[in-house]
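Heads up, the thing below is written out as structure tokens.
The values are calculated or read from the model by the stated rules, or taken from the named source; none is laboratory data. Treat the numbers as computed from the prediction; the structure is a model and nothing was measured. No Cβ is skipped: glycine too gets one built from the backbone with ideal geometry, and neighbour counts run over all protein chains shown.
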Amino acid sequence: MDLGIAGRRAVVAASSQGLGFTTAAALAAEGVRVAICSRDEGRIEEAAKRIGGDAVPLVADVGTPEGAAGFIEAAREALGGLDILVTNAGGPPPGNFESTAVEAYPEALDLNLMSVVAMCKAAVPEMRERGWGRVVAITSLAVRQPMADLILSNTARAGATGFLKTLAREVAEDGVTVNSVQPGRHDTERLRALGHHDHSAPIGRPEDFGAVVTFLCSEQAKFVTGAAVHVDGGSYAGLL
């Protein structure tokens with residue numbers, strides 16, 4: 001299937017590995033020019049080589065609103081504009097209510113909420129002016145089903161989902177779609193670092209997740225907006 005996005009320009013945050021990397025690679029395979037970022041210059045340059053084509057590696061820390069907005073501006077300059085935004089960031093440290101200090105929350109909110117707001121503020125106006133745009137946020141299944149010992153992530157990503165739903169309704173008539181994708185357990189560095197060993201829950205391939213994000217960026221998905229899509233192999237047990 002031709003997704004109709006060859007020649008488009010995409011920025012994919014936090015994309016030297018994991019779901020960000022496989023999303024950038026899937027977009028590039030459809031002929032999209034991609035700008036990718038990491039805090040580590042060597043890792044992001046290696047990722048760009050693996051993606052191939054003319055992937056643009058940028059050094060940026062999207063863990064703060066300033067760094068997130070700066071990444072968008074650097075990517076816009078490198079690509080000559082942008083059409084697709086994929087927000088993404090690593091997760092905050094694990095912990096529960098008792099073990100997590102109040103002082104830990106602002107940094108987590110910057111990482112998983114305010115970075116999303118900042119990237120959208122920097123990218124969406126150009127999309128609206130052009131009458132075409134795609135925003136896809138990589139969040140977490142924790143938005144639907146809060147996960148034990150991840151209270152910071154549960155809190156911040158739920159806020160991001162509320163922001164994205166609101167934004168989607170505001171820009172729908174301008175040809176800009178805004179969706180989020182909620183991964184369950186995928187075979188990524190993050191999952192291995194957290195040490196989750198629940199063998200009863202399915203573990204997905206990161207490449208398949210990237211393909212779902214890429215479809216939401218396609219011409220065929222132009223009437224899909226405001227959605228929060230869980231990609232979890234059936235882990236989520238709720239009806240809604």
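Annotations for the structure displayed:
- G53 meets each of the listed conditions (1) touching a helix residue (DSSP H, G or I) at 6+ places or on another chain (Cβ under 8 Å); (2) at pLDDT 95 or above; (3) on the phi > 0 side of the Ramachandran plot apart from (2).
Residue-wise test of (1) surrounded by fewer than 18 Cβ atoms within 10 Å (Cβ to Cβ); (2) among the β-branched types (V, I, T); (3) modelled with pLDDT of 95 or more; (4) within 20 Å of M127 (Cα to Cα).
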residue	(1), (2), (3), (4)
V171	no, yes, yes, yes
Q182	no, no, yes, no
R192	yes, no, no, no
V213	no, yes, yes, yes
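- Flag for A28 being buried (at least 21 other Cβ atoms within 10 Å of the Cβ) and closer than 21 Å to V117 by Cβ: no
- The stretch 216-239, residues that are surrounded by fewer than 18 Cβ atoms within 10 Å (Cβ to Cβ), under 18 Å from P202 (Cα atoms) and of a type outside the set (A, V, I, L, M): G233, G234, Y236, G238
- Count of the stretch 49-62 residues which are buried (at least 21 other Cβ atoms within 10 Å of the Cβ) and part of a loop (DSSP other than H, G, I, E, B): 3
- Filter result (among the β-branched types (V, I, T) and under 22 Å from R205 (Cα atoms)) within the stretch 12-57: V12, T22, T23, V32, V34, I36, I44, I51
- Qualifying residue in the stretch 84-103 (condition: in contact (Cβ under 8 Å) with a residue 12 or more places away in the chain, part of a helix (DSSP H, G or I), over 27 Å from C217 (Cβ atoms) and not acidic (D, E)): no
- Of all the listed residues (R157, R134), the sole one being at pLDDT 95 or above and outside any helix (DSSP H, G or I) is R134.
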